[in-house]
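Q: Quick one: the structure is below, questions incoming.
Quick note: the coordinates plus some simple rules give every number you see, no bench work behind them. Keep in mind it's a predicted model, so treat the numbers as computed, not measured. Heads up, the Cβs are rebuilt from the backbone with ideal geometry, glycines too, and the neighbour counts pull from every protein chain shown.
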Amino acid sequence: MAMNKDTVRNRIVEIGIVPAIRFSSAEDALFAAEAISGSGIPILEVTMTVPGALEVISELVRSNPELVVGAGTVSDVETARRCLDAGAVFLTTPGLDVSIVEFAKKENTVVFPGALTPSEIMVAWKAGSDFVKVFPCSVLGGPDYIKALAKPFPAIPLIASGGVNQQTAAAFIHAGAVALGIGRDLIHADAIQHRERGWIRELSWRYLKMVRDARSRLQTTPQQQRRESVRRRPDPRDGRRLAIRPAS
């Protein structure tokens with residue numbers, strides 16, 4: 001049975017990390033996914049730049065039904081449809097395409113489009129996005145930019161993506177991000193090349209601890225209100241409203 005929308009949405013908020021699987025072969029992608037999911041992060045974004053990405057999604061869903069497997073770098077509605085057919089339970093895009101948001105809403109699927117400017121964020125939210133992925137947020141100040149956006153948009157759950165690493169992860173959470181999109185700074189290319197699960201596991205634990213510790217230092221703030229707003233997001237169908245290698 002496929003995960004329902006609320007389960008997917010709440011899991012993303014709970015874990016606070018969305019690892020992006022972006023490698024040049026399906027074999028590498030599957031190894032990365034196995035290493036990440038075995039390290040306490042049950043969420044995976046398989047980007048459409050991976051050769052055979054749809055087959056990778058299908059295999060991950062088949063082999064581990066408890067994984068929250070989504071599709072990233074989705075660029076059009078037809079690709080989005082094929083991702084859902086393969087078993088993806090969320091969709092994310094590098095930029096704002098309202099037609100993909102509307103498609104996901106119609107299909108009762110979690111979606112978080114990429115957006116960068118305040119105008120794009122407003123459009124994405126009004127179109128029915130479950131989260132808005134601020135990408136690439138590093139080019140406009142990283143955590144400071146998220147903090148600046150959080151003030152006028154206290155009810156919009158923002159996912160920080162682009163520039164998230166061991167030095168900035170906690171700052172992004174403190175700034176107001178409900179979750180972090182992390183790619184190569186969590187899944188290092190050398191760890192994949194040498195099939196070093198321990199390296200990926202160590203980084204996964206570090207990032208999970210950073211998120212937990214950063215959240216524990218927060219009191220009741222607009223950031224926490226945004227996390228709660230995700231759980232209250234209306235259902236569109238019923239009308240209710242580090243890349244540092246650890247020492248051996």
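Q: Near PHE31, within a Cβ-to-Cβ distance under 11 Å, what is the net charge of the other residues, with Lys and Arg +1 and Asp and Glu -1?
A: Local net charge: -2.
Q: More than 25 angstrom separation, counting every C-alpha pair in the chain; what % is that?
A: Everything past 25 Å amounts to 37 percent.
Q: Here is a further query. Going by amide H atoms built from the backbone, whose H comes under 5 Å of the H on VAL111, apart from near neighbours?
A: LEU91, ASP130, PHE131
Q: May I ask which of LYS105/LYS209; LYS106/LYS147; LYS5/LYS209; LYS147/LYS209 have a Cα-Cα span longer than 24 Å here?
A: Correct reply: LYS105/LYS209; LYS106/LYS147; LYS5/LYS209.
Q: Assuming 0.36 nm per residue, please report the length gained on full extension of the stretch GLU55 to GLN193 beyond their Cα-Cα distance.
A: Fully extending the segment from GLU55 to GLN193 adds 47.6 nm.
Q: Report the Cα centroid-to-centroid distance between region 1-51 and region 127-193 in angstrom, as an integer.
A: 16
Q: Gain in length, GLU102 to ASN64, computed as 0.36 nm per residue apart minus the alpha-carbon separation, to one decimal in nm?
A: 10.8 nm
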